[in-house]
Amino acid sequence: MSEVARGSSVITYQELVDRIDAYNPRSPSFHELITEIARDEHIAGRGMLSAVVVRRDTGRPGDKFFAFAETELGEPLGDRETFWRDELKRVYEAHAGEIRAPVAERAISVRLDLETERALDALVATGLNRSDAIRQAVVESAERARRTSLAEEAKSLSEDSEDRAAITEIAAFMDALSAER
């Protein structure tokens, strides 16, 4: 979608599906992906990137685009056509000359087993959206792994007789310095 925005163009839902080769355009997961990208881009101040995705029959975004803008982002729509044109202009301007990795390229797709789906549902029940819940879980998991790694390293060092001998020698030297005062 960023590439389309950089070209000041639009893409149909089906063309987007064909490009990413992963979803059915009527699939809830496809619309969820587009919604999350739109939210992230809007929060980053680059407009709703999903404005570049249009229906083949109308050349305009679908109803979910407008519903999301109004209900989830609190954007006053007024005339839908004017809102969409203004949003499209905002997106084009934000992506003109852009060389950063687009949000869609940082997105991942994961197949969840039943246990993981239940865990994700439990996180979502706390008020997080699915993307925020997954991001939080990944960050917390990485932090736990880092702490575990540090604990294992500390344990390894404490069991190293050469390291313990060096620590004892340094402690004795420090004691001797303190005694000289």
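Every number here is computed from the coordinates shown, using simple stated rules; none is lab data. What you see is a predicted model; the values in this text were computed from it and never measured. So basically every Cβ, Gly included, is an ideal-geometry build from the backbone, and we count neighbours across all protein chains shown.
With contacts taken as Cα pairs under 8 Å at a separation of at least 6 residues, the chain carries a relative contact order of 20 percent.
For the residues Asp121, Asp86, what sequence is obtained by ranking on other C-beta atoms within 10 Å, fewest first?
Numbers: Asp121 12, Asp86 15.
Fewest to most other Cβ atoms nearby, the residues stand as Asp121, Asp86.
Under a 10 Å cutoff between Cα atoms, tell me which one of Ala151, Ala165, Ala122 has the largest fluctuation in the Gaussian network model of the chain. Result for the chain, Cα springs under 10 Å: Ala165 fluctuates most. Close amide H contacts of Val53 (hydrogens built in the peptide plane, cut-off under 5 Å, sequence separation of 5 or more or a different chain): Ile11. Descending by average beta-carbon neighbour count within 10 Å, the peptides 1-14, 53-66 line up as 1-14, 53-66, the highest first. Highest mobility in the GNM of the chain, judged by mean-square fluctuation with C-alpha springs under 10 Å and restricted to Leu73, Leu157, Leu128, is found for Leu157. When you work out D = kT/(6 pi eta Rh) for the chain at 25 °C and 0.890 mPa s, using the Kirkwood radius from C-alpha pairs as Rh and the Stokes-Einstein form, the result is 121 µm²/s.
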